[in-house]
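Following: one structure in structure tokens, then a few remarks.
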Amino acid sequence: MWRKLRIAILLLILGIAAWSNFYDRLSTTDWDETLYVGIFPIDEADNETAREYIHGLENNQVAGIEEFLNSEARRNGVAIARPFSIELYPPVTEPPPMRAADGNVFQDMWWSLKLRLYARRAVRASGRPPPQIRIFVIYHDPTFNRSVPHSVGMQKGLVGVVHAFAHRGMTRTNNVVIAHEILHTLGASDKYDAETLAPLFPIGFAEPDLDPLYPQSLAEIMAGRYAIDSRTFEMPESLDEVLVGPATALEIRWTHL
Ligand SMILES: [Zn+2]
């Protein structure tokens, strides 16, 4: 009797989780009403200049992301006036839980659960209406951190963690990374080779039909880089040099087969 009850409860929990993931996926990719994305800056820097940057961030610094995603959505046939609304939330002091670099499946599941709870707490603490997608942006001090950990965006839980640089000159490249992670939360996959960082051909190329093929001058958002030649890849300087390719548009259901 006990055993049956325990199994029933477990199945119920799994069922709720599966239903909620399924519901999230449908409700965020049906493109019939505005999708709300909240950007939560996190103050990880321990110097004054960086802190000033983080606390001086304004909505117009993330406005470029909304403009980019909305114009790409329109180009891909999304008909509503404002597919994305992207808003900056006040800085959060508690950093998100970190993923173990070489964690096993269970550690990863535990981390993703903790991240969801963290996101819910942070939204509640802001006292503002909850966005559907929560992106936490950890701003590092560029003078001390030449490289930062990998950013992540998860469709399960609709949460992203972005590592960015607290510097005015980096705002536009930060926005490229934030847009990339937002699209991960909507189900887009990476389109570059994990070892060489080369954009995958043709799906990771912004202009795969260009003749000659090189140099490319625009990047596909989920490839993250564009190819100057077959072994040189550049990161775009801003979203002006980026587009959403047909494979990504299909994954996030802007288009259909
Ligand atoms: Zn990615």
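The values are calculated or read from the model by the stated rules, or taken from the named source; none is laboratory data. These numbers come from a predicted model, not from an experiment. With ideal geometry, Cβ positions are generated from the backbone for all residues, glycine too; neighbour counts draw on all protein chains shown. Side chains included, ligands, DNA and RNA excluded: accessible areas come from the protein's heavy atoms. Shrake-Rupley method; radii C 1.70, N 1.55, O 1.52, S 1.80 Å.
When the Gaussian network model of the chain links Cα atoms closer than 10 Å, the mean-square fluctuations of ALA50, ALA125, ALA164 top out at ALA125. Coupling constants for the stretch 136-144 follow from the phi torsions by the Karplus curve (6.51 cos²θ - 1.76 cosθ + 1.60, θ = phi - 60°), and in residue order they are 9, 10, 8, 8, 9, 7, x, 6, 10 Hz; glycine and proline get x.
Site pair LEU218 and ILE7 shows an inter-label distance of 5.6 nm when each label is modelled 7 Å from Cα along Cα→Cβ.
In the chain, helical runs assigned H by DSSP with n ≥ 4 each contribute -39500 (n - 2.57); averaged across all residues and rounded to the nearest 500, the mean residue ellipticity at 222 nm is -12500 deg cm²/dmol. Shape annotation for the stretch 1-42: C-alpha extents along the principal axes are 47, 31, 8 Å, from largest to smallest. Cα centroids of the stretch 81-125 and the stretch 171-214: 23 Å apart. Per residue, the convex hull spanned by the Cα atoms of the stretch 51-160 amounts to 146 cubic angstrom.
Applying a length cut-off of 15 Å (Cα extent along the axis) and a mean Kyte-Doolittle floor of 0.5 to the DSSP H helices of the chain leaves 2-28.
Mind giving me the FRET efficiency for ARG253 and ALA81? R0 is 22 Å, r the Cβ-Cβ distance, nearest 0.05 is fine. Write down the numbers at each step before the final one.
Values: r = 18 Å, r/R0 = 0.84.
Taking R0 as 22 Å, the efficiency between ARG253 and ALA81 is 0.75.
The alpha-carbon of LYS114 sits under 22 angstrom from the alpha-carbons of these lysines, leaving out residues fewer than 8 places away in its chain: LYS156.
If the viscosity is 1.306 mPa s and the temperature 10 °C, what Stokes-Einstein diffusion coefficient in µm²/s follows for the stretch 1-113 when Rh is the Kirkwood radius over Cα pairs? Write out the running numbers ahead of the final one.
Numbers: Rh = 18.1 Å.
Translational D for this selection: 88 µm²/s.
Simple spin-label estimate for ARG74 and MET170 gives 3.2 nm between the two label positions (7 Å along the Cα-to-Cβ direction from each Cα). With no solvent and one equal point scatterer per Cα, compute the Debye intensity ratio I(q)/I(0) for the stretch 184-257 at 0.14, 0.16, 0.17 Å⁻¹ and report its log10, rounded to two decimals. For the requested q values the scattering log ratios are -0.39, -0.51, -0.57.
Lys and Arg at +1, Asp and Glu at -1: add these up for the other residues within a Cβ distance under 12 Å of GLU66 and post the number. The partial results should precede the final answer.
Numbers: positive: ARG82; negative: GLU67, GLU72, GLU87.
Once all neighbours under 12 Å are counted, the net charge is -2.
Positive end of the dipole of the chain (Cβ unit charges, origin at the Cα centre): among LEU200, TYR139, GLY224, the Cα lying farthest that way belongs to TYR139. With the highest mean first, a sort of the peptides 58-70, 103-115, 215-227 on other beta-carbon atoms found within 10 angstrom per residue produces 215-227, 58-70, 103-115.
For the stretch 155-250, a simple Cβ point-charge model (Lys and Arg +1, Asp and Glu -1, everything else neutral) yields a dipole of about 420 debye relative to the Cα centre.
Could you please report the charge total around ALA18, scoring K, R as +1 and D, E as -1 over all other residues with beta-carbon less than 13 angstrom from its beta-carbon? Walk me through the intermediate numbers first.
Numbers: positive: ARG25, LYS156; negative: ASP24.
Taking every Cβ under 13 Å from that of ALA18, the sum is +1.
Only beta bridges with both residues in the chain are counted; by DSSP, about 25 percent of them are antiparallel.
Please give the charge dipole size of the chain, origin at the Cα centre, charges +1 on K and R Cβ atoms and -1 on D and E Cβ atoms. Round to the nearest 20 debye. Intermediate values should be presented prior to the final figure.
On the way: 24 positive and 32 negative charges, 318 e Å.
That gives a dipole near 1520 debye.
Work out, in µm²/s and without decimals, the Stokes-Einstein translational diffusion coefficient of the chain at 25 °C, 0.890 mPa s, Rh from Kirkwood over C-alpha pairs. Taking Rh from Cα pairs, D becomes 126 µm²/s. With a simple spin-label model that places each label point 7 Å from the Cα along the Cα-to-Cβ direction, the separation between ASP229 and LEU210 comes to 1.5 nm. Springs between Cα atoms under 10 Å define the GNM used for the chain, and in it the highest mean-square fluctuation of LEU11, LEU197, LEU186 occurs at LEU11.
Could you order ILE133, ILE228 so the one with the most accessible surface comes first? Probe is 1.4 Å.
ILE228, ILE133
For the stretch 101-156, the gyration tensor built on C-alpha atoms gives an oblate shape. Its axis ratio a/c (a ≥ b ≥ c) is at least 1.5, and a/b is not larger than b/c.
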